[in-house]
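Worksheet: one structure, shown below.
The values are calculated or read from the model by the stated rules, or taken from the named source; none is laboratory data. What you see is a predicted model; the values in this text were computed from it and never measured. Note that we place each Cβ from the backbone using ideal geometry, even for glycine, and neighbour counts take in every protein chain shown. Ligands, DNA and RNA are stripped out before the accessible areas are found, and what is left, the full protein with its side chains, is counted by its heavy atoms. Shrake-Rupley method; radii C 1.70, N 1.55, O 1.52, S 1.80 Å.
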Amino acid sequence: MNRRPFLRALATGSALLTTGCTESLPFAADGPTAADVFADHRFDGTDLVVEFRDGVEVESAVLFDSSTDEEFETVERPAGAARFPVVFPDRLETYVARALYVKAETPDGRVRRRIPETVHGYVEGVEVLDDGRARFEVENQGEAPLLVRFVGISGDVPNPAVDVQADSFDASWFDLGPGVVGVGRNRTLSSSRTDLVVSPGEVAPFETTYAPFAFPDGADAADCGGDERTAEIAVLHASGGSAAYTFTYRLDGEPTAVAGESAVVCGGADAAGGD
């Protein structure tokens with residue numbers, strides 16, 4: 001599949017593009033700088049780990065949103081590093097997209113570090129399944145853990161999902177669930193839905209829980225005639241924004257009823273990369 005991302009901000013405060021930025025809050029003229037206190041930060045699974053320099057006494061570390069001053073988590077007297085949970089797949093929420101900072105209180109003053117990491121879901125390998133569902137892989141090309149809020153297949157498909165990149169789409173009211181489940185090595189093992197979290201640089205396989213390639217009201221021979229069709233698959237990031245890609249596919253073979261459903265699928269199908 002050729003890459004053709006169409007990124008559109010769906011919420012304010014989407015992830016920033018620079019990394020490793022630090023800022024000092026002015027307290028005392030001779031107080032510490034952020035570089036004096038912070039050594040580095042990294043993501044470990046669904047957690048953010050902030051490391052402090054050797055020999056620095058940190059009385060408390062607070063994860064907060066600088067745009068609202070909302071404080072999320074506090075670690076008292078961290079020993080060398082502070083760990084903060086930032087991704088919550090069971091409720092499809094993440095702190096990553098916010099104007100995220102960590103502030104550290106020291107005996108000599110307070111400093112803060114910005115956590116401006118990005119996420120970006122790239123989709124490849126769309127496959128049409130026998131029951132009309134879709135299988136594909138999502139690669140996280142960003143630096144922070146990607147929480148998949150929803151994956152929608154729309155365009156020229158028999159049973160399109162909501163188009164998350166439409167001008168009328170409002171992420172604030174969207175509550176249809178993720179629409180996907182991890183499969184194979186990404187199979188979900190509990191209700192925590194860790195299958196929806198893709199770590200930076202990793203690829204995770206998914207299948208839709210709905211059937212975009214099934215005909216809800218039945219199909220005839222013309223519907224399954226093997227014509228090339230173009231559709232779009234879009235990943236809605238829980239941190240805000242989305243990425244969409246086109247692909248081509250064909251439906252052919254005899255129209256066949258889906259067991260236990262009123263929908264009909266075509267006996268043969270294939271999908272391939274698009275523009």
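How far apart, in nm, are two points set 7 Å out from the Cα along the Cα-to-Cβ line at SER67 and at ASP175?
Label at SER67, label at ASP175, 2.2 nm between them.
With θ taken as phi - 60° and the coefficients 6.51, -1.76 and 1.60, list the Karplus ³J(HN,Hα) couplings across segment 143-151 in order, rounded to whole Hz; mark glycine and proline as x.
Coupling constants for segment 143-151: 10, 10, x, 8, 9, 7, 7, 6, 10 Hz.
What list of ³J(HN,Hα) couplings, whole Hz, do you get for segment 179-185 from phi and the Karplus terms 6.51, -1.76, 1.60, once you set θ to phi - 60° and write x for glycine and proline?
x, 9, 9, x, 10, x, 5
For segment 196-275 and segment 163-181, what is the separation of their Cα centres, given in Å?
Each part reduced to its Cα centre gives a spacing of 17 Å.
At 0.36 nm per residue, and after removing the present C-alpha to C-alpha distance, how many nm does the segment from ASP223 to ASP47 gain when stretched out fully?
That works out to 58.6 nm of additional length.
Around VAL183, which amide H atoms from residues at least 5 apart in sequence, or from another chain, sit under 5 Å from its own amide H, with H modelled in the peptide plane?
PHE206, GLU207
Taking only the alpha-carbon positions of segment 72-189 and ignoring solvent, what does the Debye formula give for the base-10 log of I(q)/I(0) at q = 0.09, 0.10, 0.13, 0.21 Å⁻¹?
Scattering profile of segment 72-189, log10 relative to I(0): -0.38, -0.46, -0.70, -1.39.
Let me have the relative contact order for segment 82-191, percent, based on Cα pairs under 8 Å that are six or more residues apart.
17 percent
May I ask you to evaluate 6.51 cos²θ - 1.76 cosθ + 1.60, the Karplus curve with θ = phi - 60°, for each residue of segment 95-102 and list the ³J(HN,Hα) values in order in whole Hz, giving x for glycine and proline?
Working through the residues one at a time gives 8, 4, 7, 6, 6, 7, 9, 10 Hz.
Under a GNM of the chain (C-alpha, springs under 10 Å), which listed residue has the highest mean-square fluctuation: THR188, THR68, THR208?
THR68
Give the accessible surface of segment 117-168 per residue, rounded to a whole number of Å², with probe radius 1.4 Å and ligands, DNA and RNA excluded.
Ligands and nucleic acids excluded, the figure is 34 Å² per residue.
May I have the extent of the alpha carbons of segment 174-217 along their three principal axes, as whole Å values ordered from largest to smallest?
Its Cα atoms span 39, 21, 19 Å along the three principal axes.
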